[in-house]
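Here the structure is laid out as structure tokens; the discussion comes afterwards.
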Amino acid sequence: MRFLALSLSLVLLAVSSFLSNFAWAAPKIDLVVVTKSESSMKVLRRGKVLKTYRIAMGDSPVGHKLTEGDQRTPEGRYILDYKKSDSAYYRAIHISYPNDEDRLRANALGISPGGQIMIHGENPNSSLSPEEAQMYNWTDGCIAVTNAEMDELWQMIDAGTPIEIWP
């Protein structure tokens, strides 16, 4: 009986050790939807919302981004086209703004559409806690989440994932 109990204990220890080293993969998502008026970002897989995040945006979030420095977050359908692990704001996932329509609009107005719009983590120079920072729009037009949330998104989002940004 002791032998059986010892054997069972060793098997359980081995399984526990194996599982603790096993990296559980976050589910890959196939769409990100941002609703600016709700300060929210949803991640979806096959039409089902997996999680909703509270986001911070540009200082002037109302309206579509027109030009560099207008502090607006763009609106429309874009692609999350690459990841940047060495971002000044922890980590970042680039949004393919400006698209062709954005460039045409800017050219017609004689202005630069700007660029480098990303989903990124926290401002490392902020004196606010991550939760407090998410209560304010503080970016230059990007979409900000906490660093812990950025780690989740980093695992779920592959380059090529579409993002829709709504008013």
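Considering only GLY121, GLY76, GLY141, give the residue with the highest GNM mean-square fluctuation for the chain, with springs between Cα atoms whenever their separation is below 10 Å. Of GLY121, GLY76, GLY141, the Gaussian network model singles out GLY76 as fluctuating most.
Using DSSP loop states and a limit of at most 16 other Cβ atoms within 10 Å to flag trypsin sites (Lys or Arg not before Pro), what is the longest stretch of the chain containing no flagged site?
Working: sites that count: LYS28, ARG46.
So the longest stretch without any such site is 47-167.
What segment 39-167 shows is 51 Å² of accessible area per residue, with the surface traced by a 1.4 Å probe over protein heavy atoms.
In this simple spin-label approximation, GLN71 and ASN125 carry label points 7 Å from Cα along the Cα→Cβ vector, and these lie 1.6 nm apart. Comparing ILE29, ILE111, ILE157 in a Gaussian network model of the chain (Cα springs below 10 Å), the most mobile by mean-square fluctuation is ILE111.
Close amide H partners of ASP30, meaning residues 5 or more places away or on another chain with modelled amide H under 5 Å apart, are LEU44, ARG45, ARG46. Across segment 131-140, coupling constants 3J(HN,Hα) worked out from phi with the 6.51/-1.76/1.60 Karplus curve, θ = phi - 60°, read 5, 5, 4, 6, 7, 10, 8, 10, 7, 8 Hz, and Gly and Pro carry x.
Estimated from the Cβ-Cβ distance and a Förster radius of 30 angstrom, the FRET efficiency linking ILE111 and LYS28 is about 0.20. Of all aspartates and glutamates in the structure, the ones whose alpha carbon falls short of 19 Å from that of LYS84, not counting any fewer than 8 places away in one chain, are GLU122, ASP140, GLU149, ASP151, GLU152, ASP158. Element breakdown for the chain at a 1.4 angstrom probe: carbon and sulfur atoms account for 58% of the accessible area. Each Cα pair of the chain feeds into the Kirkwood radius, which the Stokes-Einstein equation turns, at 10 °C and 1.306 mPa s, into a diffusion coefficient of 90 µm²/s. One compactness figure for segment 81-167 is 1.19, namely its Cα radius of gyration divided by 2.2 N^0.38 Å. Projecting label points 7 angstrom from Cα along Cα→Cβ for VAL49 and ASN147 puts them 2.9 nm apart. What angle do you read, to the nearest 10 degrees and between 0 and 90, between the alpha-carbon axis of helix 147-156 and the longest principal axis of the chain? On a 0 to 90 degree scale, this one is about 80. Of the residues ALA144, ALA88, ALA56, the one that moves most in a GNM of the chain with alpha-carbon contacts below 10 Å is ALA88. Helix-only mean residue ellipticity at 222 nm, the chain, DSSP H runs n ≥ 4 weighted -39,500 (n - 2.57), per residue, nearest 500. What is it? So the calculated ellipticity at 222 nm is -8000 deg cm²/dmol.
The values are calculated or read from the model by the stated rules, or taken from the named source; none is laboratory data. As the structure is a computational prediction, the values presented were derived from the model and not from experiment. Every residue, glycine among them, receives a Cβ derived from its backbone with ideal geometry; neighbour counts consider all protein chains shown. The area values use the complete protein model at the heavy-atom level, side chains included, leaving out ligands, DNA and RNA. Shrake-Rupley method; radii C 1.70, N 1.55, O 1.52, S 1.80 Å.
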